1. Multiply the residue separation of residue 252 and residue 159 by 0.36 nm, subtract the distance between their alpha-carbon atoms, and state the gained length in nm to one decimal.
2. So what's the stretch 170-255 giving for Cα Rg divided by 2.2 N^0.38 Å, two decimals?
3. Projected area of the chain, taken from the Cα convex hull and averaged over every viewing direction, in nm²?
4. For the stretch 14-163, what does the alpha-carbon gyration tensor say about shape, rounded, prolate or oblate, given a ≥ b ≥ c as the root eigenvalues, a/c under 1.5 as rounded, and a/b over b/c as prolate?
5. Please report 28, 159, 47 as a ranked list, fewest other C-beta atoms within 10 angstrom at the top and most at the bottom.
6. Between residue 294 and residue 227, how many nm apart are label points set 7 Å from Cα along the C-beta direction?
7. Between residue 210 and residue 170, 0.36 nm times their residue separation minus their Cα-Cα distance comes to what?
8. Please work out the Cα center distance from the stretch 23-75 to the stretch 159-179, rounded to the nearest Å.
Ligand code: NAD
Ligand code: WQD
């Protein structure tokens, strides 16, 4: 029998890319998404790409009755929990919405899993839980802290899941701390489709390249980095998606509560990414140097050797491929999924 995986937030950016890899590896996929930050078209594209179908429930995870109903109808084996709000700046403005959505949806999900005896959970955490790290590369045992409500919601969810595991050792929970996901599926048919003005670097650059925005604002050039601009560990979304499949396989070995960094271990500055994108697109990316963005840190990159050792997972796609794939998606879909 095929393993059936419930993917919450599956219509979103990372979820849709992960579903492709799941379907290609013969998992059966059920999606719950309220489409608050995504479009159903992404799932239609996933079906086109794979030639396989996805069972989609347009349901809010806050709706415990509907979630319970889905667990009754579908016999779920494992859950990948992507659903959540993720805009850092917005989380500072409307913290209650972020805490309510991200925390309560996770509680509702875990209650349904408990009731229906589903033991395996993969959770989307973030490198943001390391706050401003004292050193790089970052290993999983670094101290954790939060600098904004979004990050705090991830940190609290990790703690809740750990408490849950302590109360029931038969659970298997993989916490995946993503570094900076970028890129798109090779087909150019799915990719990141931010609402309004992009907060993140790669989609902003892509919109400059396609002339939807005039120029990139580079937030700060006085950091202690090789060119003064912020350094991050950009990871191709397809590598990230593969990490989830390895984590699911790991859960079948009943490891208990486990935590992994998913990053490449390489750091690139904002200007490095601009250069790589110019090379990939053949376009010039105009930019202006402006003040630092509040809350940003200088440098952040992973030591991802734990995932390599224990999951047999390693990112294989470099910055050029990340930019080429982002550009293909942007060019083929200048208005995203619309
Ligand atoms: P996304 O916004 O594209 O996807 C999240 C999905 O969750 C969306 O489709 C949204 O409609 C859905 N959703 C939100 N609240 C919901 C609710 N209450 N009920 C049902 N569906 C709901 O974001 P993404 O980039 O794909 O991120 C996926 C996960 O990974 C998130 O939890 C995010 O915090 C985490 N993460 C993302 C990044 C990143 O930079 N993209 C980095 C680290 C961690
Ligand atoms: C990358 C670099 C910016 C935009 C965020 C979240 C983190 C995680 C990933 C979810 C930084 C610079 C950016 C722009 C710029 N998300 N930049 N001009 O801030 O590393 O991480 O997304 O978990 O929690 O905080 O990513 O893409 O916003 O920024 O100069 O218009 O690009 O200063 O150095 P960040 P980012």
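Read-outs throughout are calculated quantities, based only on the coordinates presented, and are distinct from any laboratory measurement. Here the structure is a predicted model, which is why all the values come from computation and not from measurement. Neighbour counts are summed over all protein chains in view; Cβ atoms, including those assigned to glycine, are modelled from backbone coordinates with ideal geometry.
1. Numbers: separation 93, 0.36 × 93 = 33.48 nm, distance 2.22 nm.
Gain on stretching residue 252 to residue 159: 31.3 nm.
2. Details: Rg = 17.2 Å, N = 86, 2.2 N^0.38 = 12.0 Å.
Dividing the Cα radius of gyration by 2.2 N^0.38 Å gives 1.44.
3. Working: hull surface 62.8 nm².
So the mean shadow area of the Cα hull is 15.7 nm².
4. Values: a/c = 1.67, a/b = 1.50, b/c = 1.12.
Note, shape of the stretch 14-163 comes out prolate.
5. Details: 28 20, 159 11, 47 15.
The order, fewest Cβ neighbours first, is 159, 47, 28.
6. A separation of 2.8 nm, rounded to one decimal place.
7. Working: separation 40, 0.36 × 40 = 14.40 nm, distance 5.03 nm.
In short, 9.4 nm is gained.
8. Distance between centres, Cα-based: 23 Å.
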